[in-house]
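Reading through the structure tokens given below for one structure.
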Ligand code: HEM
């Protein structure tokens, strides 16, 4: 028994997040290869254009399913009341001398991220289904589906790049929670002072 570790995420929670994360990467690589001449070379990693399209469609289904699972598995944490304000959380991310506010299991920024990624996931999924089955809608609306799919993807990718940075390089010790399921007590006290996680 080690008394300096706290349980952060169960193996089921991590499996859902890891599956979502891997499909996001596959979707990004296949999507960029299919979308733009500049990235056309990426299609060869997946066995050509046709195979990239098939992989994109089915990875998309897994991504949507895991986006819903992420939202429901952490819904209680995304909606939990907290003493920390978004402004304080952003200040603590931007300035390492600024003490983290006493956040619960998730801080105000992470709660917001939960709702945004769910909304983006739903938009990507719906627009993607209509692109996969183009006869379901008229031509005019269909073009909007293409526009929305591409536009929201850009926002989504920027947001996830920020999420990756904040969850790894910007905040050492955070990735451990997603990798091993535990974080150190010191990390929990520093970043989530009002969270009372179980010792392991
Ligand atoms: C691609 C690489 C990714 C990495 C390295 C990564 C890393 C992490 C880490 C370390 C956490 C735990 C943060 C903590 O304990 O405080 C986390 C949580 C979370 N991740 Fe990711 N993630 C990635 C992709 C994604 C994607 C694609 C989504 C959704 C589309 C996503 C959604 C979330 C959400 C909603 C949370 C809970 C809120 C939060 O902690 O920010 N992640 N992620």
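The values are calculated or read from the model by the stated rules, or taken from the named source; none is laboratory data. Note that the structure is a prediction, hence the values are computed from the model and not measured. Neighbour counts run over all protein chains shown; Cβ positions are idealised from the backbone, glycine included.
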Can you pull out every residue in the stretch 141-177 that is touching a helix residue (DSSP H, G or I) at 6+ places or on another chain (Cβ under 7 Å), assigned to a helix (DSSP H, G or I) and closer than 19 Å to residue 89 by Cβ? 159, 160, 163, 166, 167, 174, 175
Collect the residues in the stretch 1-25 that are at pLDDT 95 or above, more than 11 Å from the ligand (Cβ to nearest atom) and surrounded by fewer than 20 Cβ atoms within 10 Å (Cβ to Cβ), keeping them in residue-number order. 7, 10, 11, 12, 15
Looking at this structure, is residue 70 at pLDDT 95 or above, within 16 Å of the ligand (Cβ to nearest atom) and outside any loop (DSSP other than H, G, I, E, B)? yes
Looking for something part of a helix (DSSP H, G or I), away from the ligand (no atom under 15 Å from the Cβ) and in contact (Cβ under 8 Å) with a residue 24 or more places away in the chain - is there at least one such residue anywhere in the stretch 83-93? no
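Output yes when any residue across the stretch 112-122 is more than 16 Å from the ligand (Cβ to nearest atom) and in contact with a helix residue (DSSP H, G or I) (Cβ under 6 Å, 6 or more places away or on another chain), and no when none is. Step through it out loud before you land on a result.
Keep residues of the stretch 112-122 that are more than 16 Å from the ligand (Cβ to nearest atom), which gives none.
No, that holds for no residue.
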Any residue that is in contact with a helix residue (DSSP H, G or I) (Cβ under 6 Å, 6 or more places away or on another chain), under 25 Å from residue 7 (Cβ atoms) and modelled with pLDDT under 95 - is there at least one of those in the stretch 88-99? yes
Could you please find all residues in the stretch 111-141 being without any contact (Cβ under 8 Å) to a residue 24 or more places away in the chain and either loosely packed, with under 14 Cβ neighbours inside 10 Å or within 28 Å of residue 77 (Cα to Cα) (or both)? 119, 126, 133, 134, 135, 136, 138, 139, 140, 141
Going by what's in this entry, would residue 154 be described as within 17 Å of the chain's Cα centre (by Cα) and more than 26 Å from residue 14 (Cβ to Cβ)? yes
